[in-house]
Structure formats: structure tokens, C-alpha cells
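A short write-up of the structure that comes next.
What follows is calculated from the coordinates using simple rules that are stated; it is not laboratory data. Model, not experiment: these values are computed from the prediction. Because the Cβ atoms are built from the backbone with ideal geometry, glycine has one as well, and the counts that use them run over all protein chains shown.
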Amino acid sequence: MLSETVTVPNGEGVLIGELTVPDTVFGVAIIAHGSDSSRHSPRDRAVADALQDAALGTLLIDLLTADEEAADWATGRHHCGIGLLTHRLIASVDWLAACTTDLPLGLFGASTGGAAALGAAAARPGIVDTVVCPDGRPDLAGDDVLGQVRAPVLLLAGGRDTEALRLTRQTANRLRPLNRLRVIPDATDLFQEPQALDEVAAVAARWFAGMGQTHL
């Protein structure tokens, strides 16, 4: 298995990521949070492990620079909006697609990273094969962007997180028919229950393994 720290140019500097490619690989997925987490998140690493076990490569990417992360921690405010996160995820998609030209490519976007993932899918319809959005605010991508997404989308929400579930259902209604909403029973905000996160990781792995065509 290949595993290395990589730098991804984004036009304003570089983003730091961790690229892992199993010896046998059938596709690759970019795992990106919004402005409230990083590639060191135990949650994202658990998802990456599940995808790698399913013979999928992963790129865990920080959409903020080190200086921006430090500023956010100091001020308690996340100053990078959806537009900037989307721009940087698109740069990551272009970089990874150039490295893995013969492999399907998917996006896993949590928190505000879900909106960025949908924006990147809309901007790169011939490159992004599928998207998974667990929790968060995929609706923040906006109606114009949602209407342009051509890739199959899997939306995940906790059954006890009523507000996130409501917003996720609204997002599903605005997307084209190639989307599915999976509710994780008894899960709360951010799938904090260990068994809930395990289910999210397993469902995402199955979805990515079929790049949106898997029956769950």
C-alpha cells in the first residue's frame, strides 16, 4: 500500500493532503471536511480506513491552509465560505484526476464540505463520478449548483437529528433523480454514536465501490 503526504496547488498556495492507494485499487475518493475539521479527524480517518479496506484509494485533504486554520482557532470563527472551499476542492479533484487517469473518482464531503463536494461535482461533471454527503449542510451549495450536479449522490442523515434530516431531504428534492437519502436510525448530530459512524463508513464504502451504482 502506498501512503504519502502530498501538496496540492490551488492557485493561492498549496493544500496538504494524505494520499493512500492500496495495492489493488478500483477507484479513488477525496475526503474533505469543511472549515471545522482537518485531515487528522478520527472520524474522517475511520471512513478512509473503511474505503481502503474496500480497495479504494483515499485523499484526505485540508481545504484550509495552516495559517487559515490557526486564524480560525484564534478567533473562533470560520472565515472561509462555501465558494472558497469549493474552489479548493475543485483544484484537488483536478490534481487527483491527473494522477489517477484510469480510475473512477468520488467525493466524500462532511459538514460544509458536503456543499463544496456538490459544487465540485457540478463543476467537473466529466471527472467526478459520485458524491457522498454525510450530515452537515449540503443545501448550502444553493439551488443553481444542485441543479447542475450530474453525478449520483448519496445523502446520509441521522434519524434523531431532525433539523439536519429536514435540510437533507430538501437537498434531495432539489437534486436530479440520481440521488439517494439514507437515514441512520437513532443517530444524532454528526453521527456521534460509535455504531452510527461505523455504519456511515460501511455504507459509504459500498456506495463508492460501485461509484453510485451499488444497491444499499
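So the values come out like this:
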item	result
Sole exception among (1) buried (at least 21 other Cβ atoms within 10 Å of the Cβ); (2) touching a helix residue (DSSP H, G or I) at 6+ places or on another chain (Cβ under 9 Å); (3) not in a strand (DSSP E or B) for Leu96, by number	(2)
Leading residue by the ranking (farthest from Pro104 (Cα to Cα)) among those in the stretch 149-172 that are in contact with a Pro (Cβ under 9 Å, 6 or more places away or on another chain) and charged (D, E, K, R)	Arg160
Contacts under 8 angstrom Cβ, first residue in the stretch 182-207 being without any contact (Cβ under 8 Å) to a residue 24 or more places away in the chain, partner surrounded by fewer than 16 Cβ atoms within 10 Å (Cβ to Cβ) and not in a helix (DSSP H, G or I), 6 or more apart	Glu193/Asp186
Leading residue by the ranking (surrounded by the most Cβ atoms within 10 Å (Cβ to Cβ)) among those in the stretch 99-110 that are in contact (Cβ under 8 Å) with a residue 60 or more places away in the chain and in a loop (DSSP other than H, G, I, E, B)	Ala110
